[in-house]
Amino acid sequence: MIKKTAFALIETAAVLLGVVVAVFGMRYLAGDPVGLYAPLDATPEQLDAIRSAHGLDRPIYEQFFDYVGGLLRGDLGTSLQSRRPALDVVLERLPATVELTLWAFIPAAIIGIVVGTFAAARRNSLIDKAAMGFSLFGLSVPVYWAGAVAILLVAVVIPIFPTGGRGSPLAIVLPAVTLGLATAARASRMARASVVGQLNQRYVLTARAKGVSESRIVVRHALRNSLATVVTVLALDLGVLLGGAVITETIFAWPGIGRLAAQSIAARDFPVVQAIVLLVAVGYVVIFRLLNLTYRFLDPRTETGR
Amino acid sequence: MGVKKSLPLLGAFASLLVLSGCVAGDGGDAEASTIVTVAQGGEGATLDNALIAGGNEYSIVTSIYDLLMMVDRDGTLQPALATSAEQVSDTVWRLELREGVTFHDGDAFDAEDVKWTLDRAMDPESGSGQVTYITSIEEVTVVDPLVVEITTAYPDPTLMMSLQMLPIGSRDYFEEVGAEEYGSNPIGTGPFAFTSWTPGDRVELVAYDDHWRGRPEIDGVVFRTIPDAASITSALRAGEVDLITNVSPDLASTLESDAIKILTQDSNRSIMVTLETETAPFDDPRVRRALQLATDVESIVDNVLVGYAKLIPTLLAPIYLGYDDELEPYAYEPEEARELLAEAGYPEGVSFTMYAPSGRYLKDSDVAQALVAQWKEAGFTVDLQVMEWANFVPRYLENSLGTYLIGYGTPIFDSGRGLNAYLSCDSAGSSFCDPAFDEQLAEAMSIGDDDERAARYRELNKTIYDLSTHVFMYQQVDVYGASSRLDWSPRPDERVWLFDARVE
């Protein structure tokens, strides 16, 4: 166990180091940001002064080692725009992204799995066809179109929900539905395909022969054995969603880290961009560690062989 | 630490309670309240008066803080925190400050706050870009609690205009709470006091009862960030917001209704094409003139900008002191352009590279593409390079762009600064160099008398008009969408300052 944990920690550190190096490479390629923080008619001396106040005048490798040193002390640098700690700038936007992710992800995952399983059990029925038609729609509709139509219909023409922002309890609904659409669609297709696959297995035939009820076969046997696949796909989705949904957050003026990332890249606010990338990388690592744990629970066979 | 971290959450919760009524409802509650909600596309990263740079941030911050002097809707400078500013010598300004002004925390405003604000902007360690507006300042001295003297290294008659870029903050508050809290929980003397900030979402302000101008007519302002152009108009249509800025010209006509009015304001921003005048082919004034004559600015204004722009004869918009209304914008003469080009030795036409930013100015890359098409007719073949603004700026500052589309706009309504930026030999933004011109400009910029200075600027404007130093084009028109209940008119400084707004 200790060996395993140590290995996991080393692996995580290696991933994060890779991320830091990659982001620093981007910083090097993106060029000098100082002109964005002063009027265009600033004199070269004034620009130099601002550059040096931000530590941007030092060689890139020095900035890199400084950054890594700070990182080890939990210091992710200072935002070039606001001169506040980059980590604080990101953390104050994180709750919005987590909230949106959970409201989009959990209902979408549940609905997707339920609908997919139901469709598999009633293969080729009208319900199956409707469900799969809908999921195809959910996968093919671009978020910016779905979002714009949703705003027009139920925020402007029939004003039930606010058009955006994070100011009222109802504000979460439209962005969550828009964002969850693709996840629900993907989950339902995955669930249907795996459950159908399981239902064709011989053990199902045996169970039927023994007189086990059809609903028990679908839920306890076929679905249970399908979950590992479905959960893997969903975990990938969850990782992507936690990284911030730039388009959804932009359309619905939702103050999450996706928009913060886009805005910080446009402003070349590297410390903030780096903090976001690192945080998202950590999020991914955590999700996949948890995923590995759930495998043991979902499919005990993954434990054997060691 | 824990309390500090939870502040944004608390703010969000409070705003949720306050706003759930007027946001989620059908607008019935919004009618009763006189809180005006403004939506802007851009996002502010800070509310620190020394660190703000963008126009969106200036609108919010000049609601919270006051300026020493501020332009009115005609562009004329009016007293604010400074009741008078007098040039006691060529290089010394004496400012009398308003008595009885208090910050939102009850502290009295005095000369120390002015000195501290200016000194902080000039301190490289602060990271403030505002130093570029007060390059001339050598020293700020407190004479008595209500008198400040500013000594400049050279005569700077437009210093009071420039100081509009520096909202005045509280020294005591900064020293008490430190830089971080200062920028996220700001305190000023302005007409609206800060109540909460949800980064990326909204800043909420409430009318300041003890403001020296009197209490604002409205109860408060909410500045929301809505980055998507379609969503921001939806929010206005749904009645969630009262005022939106930078309405895209193509959306303006579809937006107008009984509930929504379109407000326009001649912008201080103008658009031009800078020409690389030091090398062939644009070292020849005939080629430059030919390019100008090959430019159908009127067609661009009508077709690309849907009429929301006005032709101007040279670089700067009419609101700048020194604008020459006797000059006529060059007409579109493609035939004459071809002839001039042949006369200059290019009967086969010329080709060159032009750079243009994307998303910085109203329809900038569309305008650039329209130019390329027009110029082709007259024999100019252009390799157009469109770039994101953040990639454009470093090249601009290296002066490596040569020929490019660019804009100029600032609330410092004096031609000197703009002419200097785009024409003087050592400016990064200039592709033109004539030491005699620089000398005349420097001399003009030091003249204290406004009329005399304007006359000198007009001469210089005539010079660049005759030399066709740039392709002169148009000034933008700022377009706002407002709910019909809001009584407010836009300002030439592009700032959404709602002290005098009313709600019907």
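We did not get these values from a lab; they are worked out from the coordinates using the rules stated. Fair warning: this is a prediction, and the values are worked out from it, not measured in the lab. Positions of Cβ are backbone-derived with ideal geometry, glycine not excepted, and every protein chain shown enters the neighbour counts.
Subtracting the Cα-Cα distance of B:GLU439 and B:GLU339 from 0.36 nm times their residue separation leaves 32.6 nm of extension gain. For B:ILE406, neighbours were defined as the other residues whose beta-carbon sits under 14 Å from its Cβ, and their charges (Lys and Arg +1, Asp and Glu -1) total 0. If you look at the Cα atoms of region B:354-404, you get an Rg and a Dmax of 11.3, 32 Å.
Any idea what angle helix B:334-343 forms with the longest principal axis of chain B, computed on alpha-carbon atoms, 0 to 90 degrees, nearest 10? Result, in degrees: 60. Under 17 Å from a label point set 7 Å out along the Cα-to-Cβ vector of B:THR151, the amide N atoms of region B:73-101 belong to B:87-95. Helical runs (DSSP H, four residues minimum) scored at -39500 (n - 2.57) apiece and divided by the length of chain A put the mean residue ellipticity at 222 nm at -22500 deg cm²/dmol. In order along region B:197-213, phi translates into HN-Hα couplings of 9, 10, x, x, 10, 7, 10, 10, 10, 10, 4, 8, 4, 9, 5, 5, 7 Hz, rounded to whole numbers, per the Karplus curve 6.51 cos²θ - 1.76 cosθ + 1.60 with θ = phi - 60° and x for Gly and Pro. Using Cα pairs under 8 angstrom and six or more residues apart, how large is the relative contact order of region B:114-254, in percent? Reported relative contact order: 12 percent. Classification of chain A by its C-alpha gyration tensor yields an oblate form. The axis ratio a/c (a ≥ b ≥ c) is 1.5 or more, and b/c is at least a/b.
More than 41 angstrom separation, counting every C-alpha pair in the protein assembly as shown; what % is that? Counting every Cα pair in the protein assembly as shown, those more than 41 Å apart make up 42 percent. With Cα atoms defining each centre, region A:12-59 and region B:332-410 are spaced 30 Å apart in the structure. If R0 is taken as 41 Å, the Cβ-Cβ distance between B:ASP209 and B:GLU388 corresponds to a FRET efficiency of 0.35. Rg/Rh, computed from the Cα trace of region B:92-147 with Rh as the Kirkwood radius, has the value 1.00. Dividing the summed helix terms, -39500 (n - 2.57) for each DSSP H run of n ≥ 4, by the number of residues in chain B produces a 222 nm estimate of -10000 deg cm²/dmol to the nearest 500. Taking the longest Cα principal axis of chain A as reference, the axis of helix A:2-30 is set at about 50 degrees.
Neighbouring Cβ atoms from other chains, within 10 Å of the Cβ of residues in B:228-238, number 6 on average.
Give me the distance between the Cα centres of region B:236-296 and region B:431-504, rounded to whole Å. Using only Cα atoms, the two centres lie 15 Å from each other. Potential lengthening of the chain between A:PHE288 and A:PHE137 amounts to 51.5 nm, from the contour at 0.36 nm per residue minus the alpha-carbon distance.
Across the residues of A:72-79, average count of Cβ atoms on other protein chains within 10 Å?
That works out to 1 on average.
Counting neighbouring beta carbons within 10 Å and listing from fewest to most, the residues B:ARG286, A:ARG58 come out as A:ARG58, B:ARG286.
Its residues counted as N, region A:1-135 yields a C-alpha radius of gyration over 2.2 N^0.38 Å of 1.71. For the residues A:ALA119, A:ALA155, A:ALA38, a GNM of chain A with alpha-carbon springs under 10 Å puts the largest fluctuation on A:ALA38.
To the nearest ten degrees, helix A:270-298 and the longest principal axis of the Cα atoms of chain A are 20 degrees apart.
The count of lysine pairs in the protein assembly as shown that are at least 8 places apart or cross chains, and whose C-alpha atoms lie under 29 Å apart, stands at 8. Let me check against my output: what whole-number percent is the relative contact order of chain B, with C-alpha pairs under 8 Å and at least 6 apart? Once normalised by length, the contact order is 20 percent. With the convex hull of its Cα atoms as the shape, chain B has an orientation-averaged projected area of 23.8 nm². Comparing A:ARG73, A:ARG84, A:ARG192 in a Gaussian network model of chain A (Cα springs below 10 Å), the most mobile by mean-square fluctuation is A:ARG73. The alpha carbon centroids of region A:140-195 and region B:116-132 are separated by 46 Å.
With neighbour counts taken as other beta-carbon atoms within 10 Å, the residues B:THR37, B:THR195 rank, fewest first, as B:THR195, B:THR37.
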